[in-house]
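Presented below is the structure to which this report refers.
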Amino acid sequence: MLKPYYHFYLIATLLLATTVAYAQTDTINFSNRRLNTAYLTPGLKQYLVYTQNPLRHKTLGLGYWVRDVQVQTRQHKKVFVIQQHWYGNDTLNYRTVTSVNQADNFAPIYHAETVKGITKAYNWNAASMSGADTVMNNAAKSFSLNFKVPNFNWNLDMETFEMLPLAAGKTFAINFYDAGIGTPEYVIYQVQGSEPLILLDNQKVDCWKLFYEGKMPNGAPYTQTFWISKKSHEMLKEEDVAGGLIRYKIKLPGTTPDIVSRFK
């Protein structure tokens with residue numbers, strides 16, 4: 001049996017440890033402005049996306065993602081307008097995404113996706129999300145959802161991570177929502193040290209490694225790791241492991257042709 005003074009000491013130690021662990025978790029929201037939007041560099045960013053099944057290691061599933069970040073003025077306010085194009089080896093894999101966010105805190109204003117010819121578009125604010133009635137043939141026109149807490153657009157996780165105050169030992173809680181799917185939830189990301197990546201001309205770029213561990217709808221675990229440059233804050237690499245499959249996103253160099261503009 002524990003002596004009374006030792007029992008008190010043990011409780012105090014556990015409470016202190018819990019407080020310290022909690023203090024090390026940064027909650028990212030719009031009021032504390034922990035995101036530094038100056039880190040999000042406008043311009044075209046292109047990624048090679050490939051998936052490998054270890055059981056069929058001689059083949060790869062290939063994709064090509066284009067993310068164009070622009071700063072515009074709408075209704076006398078600066079906003080980020082982010083256009084995405086996802087390409088695959090089949091037209092069924094093609095997807096376009098348009099997102100509009102406030103420039104000062106990255107709060108979502110609008111989000112639309114077109115997949116297999118079906119468009120779902122939403123107006124988004126701190127209190128709710130609803131189908132955009134100004135978009136023709138909007139499959140999500142009748143959608144409506146009220147929020148208990150304002151949230152970030154999970155479809156823009158890569159851009160969000162580039163604005164985080166990354167540092168050794170940091171843990172972040174971000175209330176993310178994947179437009180039109182389920183409900184918002186806090187997602188925990190941990191900085192698991194750093195690692196250099198070797199780019200063109202054997203240039204070494206020191207990166208923070210941001211890690212997330214979650215569960216798929218069927219309960220199976222999956223992990224995501226993001227390599228983000230300490231100097232430029234750009235996300236240079238992502239590794240996703242789920243159901244035995246491994247997917248990578250690798251940022252391509254600036255010499256990569258802009259295939260979206262070329263074939264307009």
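Taken together, the values in this text are just the output of simple stated rules run on the coordinates, not laboratory data. None of these values were measured; they are calculated from a predicted model. Note that each Cβ is placed from the backbone with ideal geometry, even for glycine, and that neighbours are counted across all protein chains shown.
Structure data summary
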item: Any hit, the range 202-209, residues being under 28 Å from T114 (Cβ atoms), in a strand (DSSP E or B), free of Cβ contacts under 8 Å to residues at least 40 places away in the same chain and of a type in the set (D, E, K, R); result: no
item: In the range 55-86, the residues that are free of Cβ contacts under 8 Å to residues at least 24 places away in the same chain, among the aliphatic types (A, V, I, L, M) and under 21 Å from N153 (Cβ atoms); result: V81
item: Single residue of the range 220-264 satisfying the filter (in a loop (DSSP other than H, G, I, E, B) and under 21 Å from N36 (Cα atoms)) that is farthest from the chain's Cα centre (by Cα); result: K231
item: All positions within the range 215-243 that are surrounded by fewer than 16 Cβ atoms within 10 Å (Cβ to Cβ) and β-branched (V, I, T); result: T223, V241
